[in-house]
Each structure stands twice: as structure tokens, then as C-alpha cells.
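The values are calculated or read from the model by the stated rules, or taken from the named source; none is laboratory data. The model shown is predicted, which means the values in this text are computed figures rather than measured ones. So basically every Cβ, Gly included, is an ideal-geometry build from the backbone, and we count neighbours across all protein chains shown.
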Amino acid sequence: MNIKNKIMYSKNLTNTIIKNIKKTVQNETRYGKRPPGLAVIWMKNNTSTEVYIKNKKYACKKVGFYLEEWILKNSTSEKDIINLIKKLNKNDKIDGILIQLPLQNQINTRRIIEHIHPKKDIDGFHPYNIGCLCQKNPKLRPCTPKGIISLLKEYKIEIKGLNALVIGASNIVGRPMSLELLLAGCTTTITHRFTINLNKYIKNADLIIVAVGKPNFLDQQKFKKNAIIIDVGINKISSKDKIVGDVNFDSVLPKVSYITPVPGGVGPMTVVTLLQNTLDAYQNKHYYHSFQ
Ligand code: GUN
């Protein structure tokens, strides 16, 4: 295979999704109906957060969503955040509530997420939405894992039955990713910092999702020839002012069947999936008996 055809750029797919969402918003609002609304809540506590928020805000504006931004002081209390969420839950202009993570250490993130109404939980992090995904009944689904599945579909990569390995067990990526892969029919393994003999799992995997946040974590010696590699890492190399993934891209490229680049692979999929989830919440596609 031509080496270029192995690289799963997301640009074409993200452009198509953005175009379609923009068109849907134009149609929905043509006769005076309000546009989909997203509330973005964040703290200026790390440089990655600022980059993520900038990209998410830009994408929302591009498709014509209504956006409310709440930049919290690092000293904001848990109680104040919960009160803000309660107000946004009741706000009819808002379909989705995004709380960019991480928050400051003094805040109990779990408690905050549990206060978001599951219908407005466009990140899919509420235990109700995670539980539905776990029980093969997906509602609002975490953006990065759902975006990765969309990208695999776009490239017509059949993953049913594959040995899939998720490296990293975070609530944002690793855990929901494993549920998505299970849903798609993979035999799924999650490894994490306490895993003994990680290489044993890497050697056996047909599809590897790497989400550890360490440059060059995966290199070519370790994995099966023709494996599919999905790189979720977004690591800033400050000396070069450059973003790199968790995979040593150049060294693994000859050995893989497919690989996502960084930048230009998974990152933009996360952003457009957030738009899709917000539109879904607006169109109220998900009926939640227990939360009516
Ligand atoms: N921090 C890093 N990725 C994400 C994400 O997808 N959603 C939220 N809310 N916070 C993040």
C-alpha cells in the first residue's frame, strides 16, 4: 500500500460533518426557531485547556450555535459551580453543558458531572450516559472515543472481531473507548500504569489506541505488523513549539496498516463530535424516562 494511504487524516470527514451541521442549523432556524446552544465552562489552569477551548468555540461559531462561555476563577468553589450547572440545566437556550477538564484539585469533578442533566451532558461523562453505553444502549457518548469510531468507519476499516488494545484508562478516553470497541464487536483489553508486561498485550493487538500523554510511548519494535494505530496523544514539545502524539510516527509508519497523524487525526474528531452531540441534544433524540 502507498504509505500516504495508510494515514488517517480527519480533515475531509470533519469538513463534511461541519458542513452538514451548519446546513441543519440553517434549516432548523429558518422560521425563527432558536439555534442549538452550548455552555462552555472552564478554568485557565493549563495551556492545553486553552487550546481545546479555542478550537471548540471556533467550531461552534462556524456552524451557527449559540455559545455561552463561563471562565471560572481558579478559586471558584464546588458549590458555585454546582449552582451554575443547576441554572444552565434549566436554561432553555442551552442544550449542552461542557465542563472542560481538568478542574482545580479542590473541586470534586465527579460530583460536578453528576449535577449535569443527562440530556445536556454532551460530553457523555454522566454515569447515566456511561451506563447506557456500557449496556449496549448508547445515548450521548464521550466525544473522543465516538469520534475515533466515526473515523474508522470513514476509512471503511472493519474492526469487528479484532483484538483491540486501549493503553490508558482515563475517564475521558481509555474507559469509554473500551466500551465503544466492545460495542463494535472487538475483543477488548485495557492496560494502564499498573499493567504487568505491557509488551505482551501490545504484541497481540490488531488495533491499538494509545492515550497516555507521553511522546514516543509506542515505537515499532513492540507491535504486530499491519496493526492499526490510533494516536490520541496531544503533547506540546515546548522547545520546538510543536504538537506530537504518543506514537513515534515516522518509525512505525512502514509497519502499520493504518495510523492517525498528530495533529490532524483524532483531535479534530473530538471537536466535531461535540458539535454532533450538541445537535443531538437540541433535537432531543434521546428520551430519558428516568430524568423527565
Ligand atoms: N479535557 C480533555 N479532553 C476533554 C474532553 O473531551 N471533554 C472535556 N470536558 N474535557 C476534556
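Residue check: Phe65 meets all listed conditions (1) within 15 Å of the ligand (Cβ to nearest atom); (2) within 19 Å of Leu140 (Cα to Cα) but one, namely (1).
Out of the residues in region 157-170 that are assigned to a loop (DSSP other than H, G, I, E, B) and more than 21 Å from Tyr9 (Cα to Cα), which is farthest from the ligand (Cβ to nearest atom)? Steps first, answer last, please.
Keep residues of region 157-170 that are assigned to a loop (DSSP other than H, G, I, E, B), which gives 157-162, 168-170.
So of that shortlist, the ones also more than 21 Å from Tyr9 (Cα to Cα) come out as 160-162, 168-170.
Numbers: Lys160: 26, Gly161: 28, Leu162: 24, Gly168: 12, Ala169: 15, Ser170: 9 Å.
Filtering first and then ranking leaves Gly161.
The helices (runs of 4 or more DSSP H) found entirely in region 171-271 that carry 1 or more residues being of a type in the set (Val, Ile, Thr) and touching an Asp or Glu at 6+ places or on another chain (Cβ under 9 Å) are 249-252. The residues of region 246-268 that are over 15 Å from Val51 (Cα atoms) and of a type outside the set (A, V, I, L, M), listed by number, are Asp246, Asn248, Phe249, Asp250, Ser251, Pro254, Lys255, Ser257, Tyr258, Thr260, Pro261, Gly265.
Being exposed (fewer than 10 other Cβ atoms within 10 Å of the Cβ) and within 26 Å of the chain's Cα centre (by Cα) is the filter; apply it to region 186-200 and report the residue that is nearest to Asn171 (Cα to Cα). For region 186-200, the residue satisfying everything is Arg193.
Among all residue pairs at least 6 apart or on different chains, which show Cβ distances below 8 Å where the first residue, located in region 129-152, is without any contact (Cβ under 8 Å) to a residue 40 or more places away in the chain and under 16 Å from Asp280 (Cβ atoms) and the second is part of a loop (DSSP other than H, G, I, E, B) and basic (Lys, Arg)? Listed pairs, sorted by first residue: Asn129/Lys139; Asn129/Arg141; Cys132/Lys139. Just one residue in the set Gly131, Gly185 is more than 22 Å from Leu101 (Cβ to Cβ) and either away from the ligand (no atom under 16 Å from the Cβ) or of a type in the set (Lys, Arg) (or both); that residue is Gly185.
Just a yes or no: is a residue in region 140-156 outside any helix (DSSP H, G or I), touching a helix residue (DSSP H, G or I) at 6+ places or on another chain (Cβ under 8 Å) and away from the ligand (no atom under 15 Å from the Cβ)?
Keep residues of region 140-156 that are outside any helix (DSSP H, G or I), which gives 140-142, 155-156.
Next, only the ones that are touching a helix residue (DSSP H, G or I) at 6+ places or on another chain (Cβ under 8 Å) stay: 140-142.
Filter once more, keeping what is away from the ligand (no atom under 15 Å from the Cβ): none.
No: region 140-156 contains no residue that is outside any helix (DSSP H, G or I), touching a helix residue (DSSP H, G or I) at 6+ places or on another chain (Cβ under 8 Å) and away from the ligand (no atom under 15 Å from the Cβ).
Conditions first: (1) more than 16 Å from the ligand (Cβ to nearest atom); (2) modelled with pLDDT of 95 or more. Asp241 passes all but one, so which condition is the exception? Evaluating Asp241 over (1) more than 16 Å from the ligand (Cβ to nearest atom); (2) modelled with pLDDT of 95 or more leaves (2) as the failure.
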